[in-house]
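Structure, as structure tokens:
The values are calculated or read from the model by the stated rules, or taken from the named source; none is laboratory data. Quantities reported herein were computed from a predicted structural model and do not represent experimental measurements. Quick reminder, even Gly has a Cβ in these numbers, built from the backbone with ideal geometry, and neighbours come from all protein chains shown.
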Amino acid sequence: MIIKSKYYAICFILLAAVVFDCDRDRDDKSDCVGSVCTQEFRYISILIKHSTDSSAVLLTHYKVLRVSDNKDITTANNDFMVNFGYYPLVSDADVSILRNLNVEIEFQGYIENALVIQKRFIVTADCCHVSLESGDQVFYI
């Protein structure tokens, strides 16, 4: 009986050590090998409405720039979203350039050639999905 309980104690200690070691290794890795992600594909978008009647603002064109180097990171246009006044800032397709960073981006919206909205945001990503760190998501112009 004593041998059995010693055996169980040793197994428990070894199992705890392995689990602790795996968790510590996972936290230290930034390459995300072995990460388990959900199958959803996330977008961070903003909604732009007219201040007079709250109808959707249809921009002629827009762009999203990474502020640090002025690089254009505009997500491919999604006509369904845009027709209802939603404009994508970033998506899970951008995880690799946002992972473990707080990246300042700037949204610029135009009607014809006139800049009608210009807003800045902080975005980030973990190994799986993008997220908004700061900035409003609804604007009235």
Discussion item. Here's a check for you: in segment 95-141, which residue that is more than 20 Å from the chain's Cα centre (by Cα) and hydroxyl-bearing (Ser, Thr, Tyr) is nearest to Val67 (Cα to Cα)?
Written reply: Tyr110
Worksheet item: Looking at segment 20-43, is at least one residue at pLDDT 65 or above, of a type in the set (S, T, N, Q), outside any loop (DSSP other than H, G, I, E, B) and surrounded by 10 or more Cβ atoms within 10 Å (Cβ to Cβ)?
Response: no
Discussion item. I want to confirm something. Restricting to segment 48-61 and keeping residues that are outside any loop (DSSP other than H, G, I, E, B) and either among the charged types (D, E, K, R) or modelled with pLDDT of 95 or more (or both), which single residue is farthest from the chain's Cα centre (by Cα)?
Written reply: Lys49
